[in-house]
1. Please give the net charge around ILE16, taking every other residue with its beta carbon less than 12 angstrom from that of ILE16, where Lys and Arg add +1 and Asp and Glu add -1.
2. By counting other Cβ atoms within 10 Å of each Cβ, how are ILE32, ILE91, ILE72, ILE60 ranked from fewest to most?
3. Could you give the length gained on full extension between THR6 and ASN26, defined as 0.36 nm per residue of separation minus the Cα-Cα distance, in nm?
4. P(r) for the chain, please, calculated from all Cα pair distances in 5 Å bins and given in %.
5. Go through PHE27, THR51, ALA61 and say which Cα lies farthest out towards the positive end of the charge dipole of segment 10-76; charges sit on Cβ, +1 for Lys and Arg, -1 for Asp and Glu.
6. Run lengths n ≥ 4 of DSSP H only: what is the helix-derived mean residue ellipticity at 222 nm for the chain, with -39500 (n - 2.57) per run over all residues, to the nearest 500?
7. By the scheme Lys and Arg +1, Asp and Glu -1, what is the net charge of all other residues having a beta-carbon under 13 Å from that of LEU52?
Amino acid sequence: MGNYKTFDKMFNDDKIVSPEDREQINFQVSLIGKMIKAREKKGFSQRDLATLSGVKQSVIARLESMKSTPQIDTLLKILAPLGYTLSITPIENKQ
């Protein structure tokens, strides 16, 4: 980590992680976190969700551990049994 004392300081340094990359990483972490929370709220194991969604349990495990990035069609298949879908929403003005 060089001169950095914490991961947070390194992660928030624009020279190391660009604002665009940071935004994408934060989005993925949030998305997967919400997916896990929805699965657990329904009381589904990864295996249960795999059966209901038609997506292999190993794929769900890789997504939940952030070892792979979900394809949109896979994400839609996983979200449907959880009672969710994806939507496009306007970005709120940050001013």
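Values quoted throughout were computed directly from the atomic coordinates according to the rules given, and no laboratory measurement underlies them. Note that this is a predicted model, so its numbers are computed, not measured. Don't worry about glycine lacking a Cβ; one is built from the backbone with ideal geometry, like all the others, and counts go over all protein chains shown.
1. On the way: positive: LYS9, LYS15, ARG22; negative: ASP8, ASP13, ASP14, ASP21.
Its environment carries a net charge of -1.
2. Values: ILE32 17, ILE91 5, ILE72 8, ILE60 24.
Least to most surrounded, the residues fall as ILE91, ILE72, ILE32, ILE60.
3. Working: separation 20, 0.36 × 20 = 7.20 nm, distance 1.73 nm.
Working it through step by step, the gained length comes to 5.5 nm.
4. In order of increasing distance, the bins hold 2, 12, 19, 20, 14, 11, 11, 7, 3, 0 percent.
5. Looking along the dipole axis, the top candidate is THR51.
6. Values: 5 runs with 53 residues, N = 95.
Value at 222 nm, helices only, nearest 500: -16500 deg cm²/dmol.
7. Values: positive: ARG39, LYS42, ARG47, LYS56, LYS77; negative: ASP48.
Neighbour charge sum, excluding LEU52 itself: +4.
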